[in-house]
Amino acid sequence: MPPTPDAHEALPVGPDRGRADACPGALRLHPAEDGHLARLRLPGGHLTHSQLLATADAADALGDGEVEITSRGNLQLRGLADGCAAELAERLRAVGLLPSDTHERVRNLVASPLAGLDGRGLGGSELSSWVRELDEALCAAPWAAGLSGKFLFALDDGRGDVAALNADVTLIAVGGGRALLRLGRARRGRAVDAPVPAALAAARDFLALAAGRAWHLREVQDELPEGDVPLPPFAGERPALGAVGNTAAGGAAAGAGGVSGGTGGVSVGLRFGRADSTQWRLLAQALAGAAPGRADADAADADAAPAVRLTPWRGVVVPGADAAWVPRLADAGFRVASGGPWEGVTACTGLPGCGKALADVRAQAARAVADVPATGLPVHWSGCARRCGHPAGRWVDVLATAAGHRVTVDGSVRDTTENETAEAVAEARNAEWRRPK
């Protein structure tokens, strides 16, 4: 994520794009204080059984033994050793995680993670095919390799969850194979009968218009036509944790408007989006139990294989998993209940992994949650002004400074010492601060 001057402000428009896009990928590793970093693009956040095991094995053999979910539902491996790039690429190709060397960084596609599972949304049966078709179309288009590694597509099943992320190009399902196409932060969309070609065309039009001066569509928003369909406010609701859909109800799931159906599953959260390889393999077991006999589909049949769904809120949904998995996953350290002081708490890497950070913000965030538990607004702790991985929407910004932290919410700013920060964050999350009049 690019830096923001304040948590309540929109991202700056028209920044200087004189430097090249250095966003890391699976082939372009990023050097960090704790070793190299690889970012694996996972369209829709999908990982099959064999891919879960392969990434756990790669983390153990080449990295620090942990995996990390990003704010776009992608996967990162950290602590990678020098000279491991070729072996990592070979491991990823073997399980279908590297279908294109030239386009691997532009496969940024998020999708509603509960689509088809809980009886909500209008496009659950279509969304997975849209993800697959758009990914294949991107990889097949030579021009698409020119997109920034930060350019994002969002495919929303109509519930307004990933639409709230303000992606560069968003498709919002309306039923019957149709969608509304939204460009950037536009307040109006355009009805499209062929959603995937329309999304691809929008990205190509942006690339032609931007001509190397912008990475995101929002940076040239004023130069693009708005649609003619007013868009409602998007809920941005993250998936509830625990058993969902049929699994939670013990029968047919009923969503908004009395719509029933959905295959059910289990949804879990991860503190700071990190899991060790043992936890990752346990998710593979849960997926195998949800689809016995199909979990070992090889890479050539990956589209037909069941897959977990990593979420932009740094969680994992296991479609079809029985509710009996919930206590077992809880015992392994996963969050399995929504709410509580850890809900919406995120942080960048911080020290010691990032040399630009001023503090170990993850340790500080954990201490603050323990010392002064609070609920309410999401809160993101940043080690430096880049604010990597910050959430979308309204959130509490906690920025490390030389003297402590700067806590910002709704335009109100409070500078604190480290001992004062936990209380200030709790007050900000509870919306006890107000935007100045």
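On the stretch given as the stretch 62-99, residues that are within 23 Å of residue 273 (Cβ to Cβ), open to solvent by 60 Å² or more (accessible area, probe 1.4 Å) and either under 20 Å from the mean Cα position of the chain (by Cα) or without any contact (Cβ under 8 Å) to a residue 12 or more places away in the chain (or both) total 1. Of the residues examined, residue 214 is not one that is touching a Gly at 6+ places or on another chain (Cβ under 9 Å) and at pLDDT below 90. Answer with yes or no whether residue 113 is touching a residue at least 40 places away in the same chain (Cβ under 8 Å), within 28 Å of residue 215 (Cα to Cα) and open to solvent by 10 Å² or more (accessible area, probe 1.4 Å). In short, no.
Against the numbered list (1) touching a residue at least 60 places away in the same chain (Cβ under 8 Å); (2) open to solvent by 10 Å² or more (accessible area, probe 1.4 Å); (3) out of contact with any Ser or Thr (no Cβ under 8 Å at 6 or more places or on another chain), residue 138 comes up short only at (2). Would you confirm whether or not the stretch 41-53 contains a residue that is free of Cβ contacts under 8 Å to residues at least 60 places away in the same chain and closer than 21 Å to residue 308 by Cβ? No: the stretch 41-53 contains no residue that is free of Cβ contacts under 8 Å to residues at least 60 places away in the same chain and closer than 21 Å to residue 308 by Cβ. Being at pLDDT 95 or above and more than 17 Å from residue 309 (Cβ to Cβ) is a property that residue 154 lacks. Scanning the stretch 356-408 for residues that are over 24 Å from residue 72 (Cβ atoms), in contact with a helix residue (DSSP H, G or I) (Cβ under 6 Å, 6 or more places away or on another chain), among the hydrophobic types (A, V, I, L, M, F, W, C) and open to solvent by less than 30 Å² (accessible area, probe 1.4 Å) turns up 368, 374, 407.
If we keep just the residues of the stretch 226-250 that are open to solvent by less than 30 Å² (accessible area, probe 1.4 Å) and of a type in the set (Gly, Ala, Ser), which is modelled with the lowest pLDDT? Filtering the stretch 226-250 for residues that are open to solvent by less than 30 Å² (accessible area, probe 1.4 Å) and of a type in the set (Gly, Ala, Ser), the one modelled with the lowest pLDDT comes out as 245. Against the numbered list (1) touching a strand residue (DSSP E or B) at 6+ places or on another chain (Cβ under 6 Å); (2) closer than 23 Å to residue 314 by Cα; (3) not charged (D, E, K, R), residue 392 comes up short only at (1).
Comparison of 219, 223 shows that the only residue that is open to solvent by less than 20 Å² (accessible area, probe 1.4 Å) and within 24 Å of residue 145 (Cα to Cα) is 219.
The values are calculated or read from the model by the stated rules, or taken from the named source; none is laboratory data. Please read these numbers as outputs of a predicted model, since none were measured by experiment. For neighbour counting, all protein chains shown are included, and Cβ atoms are generated from backbone atoms with ideal geometry for every residue, glycine included. Ligands, DNA and RNA are stripped out before the accessible areas are found, and what is left, the full protein with its side chains, is counted by its heavy atoms. Shrake-Rupley method; radii C 1.70, N 1.55, O 1.52, S 1.80 Å.
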